[in-house]
1. Could you tell me whether Tyr146 is assigned to a helix (DSSP H, G or I) and among the hydroxyl-bearing types (Ser, Thr, Tyr)?
2. For the range 227-265, which positions are in a loop (DSSP other than H, G, I, E, B), of a type in the set (A, V, I, L, M, F, W, C) and crowded, with 21+ Cβ neighbours inside 10 Å?
3. Please go through the range 197-226 and give me each residue that is within 30 Å of Leu294 (Cα to Cα) and part of a helix (DSSP H, G or I), ordered by number.
4. Only residues that are aliphatic (A, V, I, L, M) and over 13 Å from Gln98 (Cβ atoms): list them for the range 241-252, please.
5. Give the residue that is surrounded by the most Cβ atoms within 10 Å (Cβ to Cβ), with candidates limited to residues of the range 66-88 that are among the hydroxyl-bearing types (Ser, Thr, Tyr) and under 30 Å from Ile232 (Cβ atoms).
6. Restricting attention to the range 89-133, and to residues there that are aromatic (Phe, Trp, Tyr) and within 14 Å of Asn235 (Cβ to Cβ), which single residue is surrounded by the fewest Cβ atoms within 10 Å (Cβ to Cβ)?
7. In the set Ser179, Ser168, which member is hydroxyl-bearing (Ser, Thr, Tyr) and under 27 Å from Leu234 (Cβ atoms)?
8. Give the residue, chosen from Leu103, Leu45, that is in contact with a helix residue (DSSP H, G or I) (Cβ under 8 Å, 6 or more places away or on another chain) and under 17 Å from Leu191 (Cβ atoms).
Amino acid sequence: MTQHVEAAQRARRRRAPGHPLASRRINLFYLPVIIIFAVFTIFPLINGFILSMTNWNGYSAARSFVGAANYERLVSDPIFHTALTNTFIYGFGSTLIQQVIGLALAVALDRALRGRNLARAIIYLPVLVSPVVMGTMYYLFFSYNYGGLNDVVEAFGGDRVAWLSEPSIGVIVIVLVNSFQFVGISMVIYLAGLQSIPVMYYEAARLDGASSWQQFRLISVPLLQPAFATSIVLNLIGGLKLFDVIQVLTGGGPGYATESVSTLISTAYFDNQSAGYASAMGIVLFVLIVIFTLLLNLVLNRRRVEQQ
């Protein structure tokens with residue numbers, strides 16, 4: 001009987017959270033995720049870095065090692081510089097617009113208004129639409145010859161505008177289209193943040209005579225810091241790797257004027273058969289996204305700690 005009791009006690013100790021065997025058992029649950037992450041993320045990243053040091057054309061079996069030549073080419077390539085500048089504009093421009101409009105919509109639709117659920121669904125609906133479909137729809141809207149916008153301009157006596165053929169206008173149109181499609185994500189994140197704030201804070205502020213603006217500035221904004229961090233990081237990552245909308249709206253043109261790094265990678269790989277150079281651009285884009293994500297998380301988390 002004593003032996004059975006001791007065996008049961010040893011089994012309980014092995015199952016205890018602090019026991020080494022228990023830790024090893026629990027860690028086995030991470031194994032499938034680690035394998036999937038390694039196969040679909042780590043291995044392609046390492047393979048891409050290796051390819052970035054070759055002059056492989058993407059099709060033949062022959063490839064030769066060229067070291068950092070592809071990265072040196074990036075430094076002096078004006079087309080890549082244009083694509084990199086556009087990538088920053090798409091990323092930061094879309095993120096800024098989505099935060100401002102998304103927060104405004106969240107504040108407006110957080111109130112007890114008739115039809116607010118329908119309004120939320122309509123605003124979020126474009127997120128569910130494929131970027132290719134969204135790009136095609138807006139291509140018809142901004143088209144020079146048959147676009148609805150130019151028809152309106154002509155109806156008011158103006159001249160047709162080449163919305164998608166002018167480089168500067170094309171970049172702005174892409175930013176606006178991307179912002180409109182994904183502003184619903186920011187709205188939902190901020191709505192969730194607003195609804196998690198206890199109502200008693202606002203009631204106490206109203207009793208103290210605080211205006212609506214003061215309640216928003218002194219209560220909502222500080223307590224929305226986690227929502228700010230989530231929304232900004234998600235929107236920035238999506239904007240920096242923007243591809244589909246650009247391809248459908250402008251195809252990266254005229255010339256390479258509206259290219260992003262993502263679309264330029266596709267052009268280099270499939271059109272120019274320069275897989276090594278495309279891989280180098282992909283590695284640079286990956287590093288930039290990681291750096292900006294880490295910096296944003298650091299800054300936003302520091303602000304949240306300071307406000308606490």
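1. Working: assigned to a helix (DSSP H, G or I): no; among the hydroxyl-bearing types (Ser, Thr, Tyr): yes.
Taking the combined requirement at face value, the residue does not satisfy it.
2. At the first step, the residues of the range 227-265 found to be in a loop (DSSP other than H, G, I, E, B) are 241-243, 250-260.
Still in the running and of a type in the set (A, V, I, L, M, F, W, C): 242-243, 257.
Of everything in the range 227-265, just one residue is in a loop (DSSP other than H, G, I, E, B), of a type in the set (A, V, I, L, M, F, W, C) and crowded, with 21+ Cβ neighbours inside 10 Å, namely Leu242.
3. Passing the criteria: Phe216, Arg217, Leu218, Ile219, Ser220, Val221, Pro222, Leu223, Gln225, Pro226.
4. Step one: filter the range 241-252 for residues aliphatic (A, V, I, L, M), giving 242, 245-246, 248-249.
Listed by number, the residues that qualify are Val245, Ile246, Val248, Leu249.
5. Applying the first criterion (among the hydroxyl-bearing types (Ser, Thr, Tyr)) to the range 66-88 yields 71, 76, 82, 85, 87.
Now drop any that are not under 30 Å from Ile232 (Cβ atoms), which leaves 71, 82, 85, 87.
On the way: Tyr71: 16, Thr82: 19, Thr85: 14, Thr87: 24.
Top of the filtered list is Thr87.
6. Let us first name the residues in the range 89-133 that are aromatic (Phe, Trp, Tyr), namely 90, 92, 124.
Among the residues that remain, those that are also within 14 Å of Asn235 (Cβ to Cβ) are: 90, 92.
On the way: Tyr90: 27, Phe92: 16.
If we take residues in the range 89-133 being aromatic (Phe, Trp, Tyr) and within 14 Å of Asn235 (Cβ to Cβ), then Phe92 is surrounded by the fewest Cβ atoms within 10 Å (Cβ to Cβ).
7. Numbers: Ser168 fails: under 27 Å from Leu234 (Cβ atoms).
Within the list Ser179, Ser168, the selection yields Ser179.
8. Details: Leu45 fails: under 17 Å from Leu191 (Cβ atoms).
Of Leu103, Leu45, the one residue that is in contact with a helix residue (DSSP H, G or I) (Cβ under 8 Å, 6 or more places away or on another chain) and under 17 Å from Leu191 (Cβ atoms) is Leu103.
The values are calculated or read from the model by the stated rules, or taken from the named source; none is laboratory data. Just so it is clear, the structure is predicted and the values come from calculations on it, not from any experiment. Cβ atoms come from the backbone with ideal geometry, glycine included; neighbour counts cover every protein chain shown.
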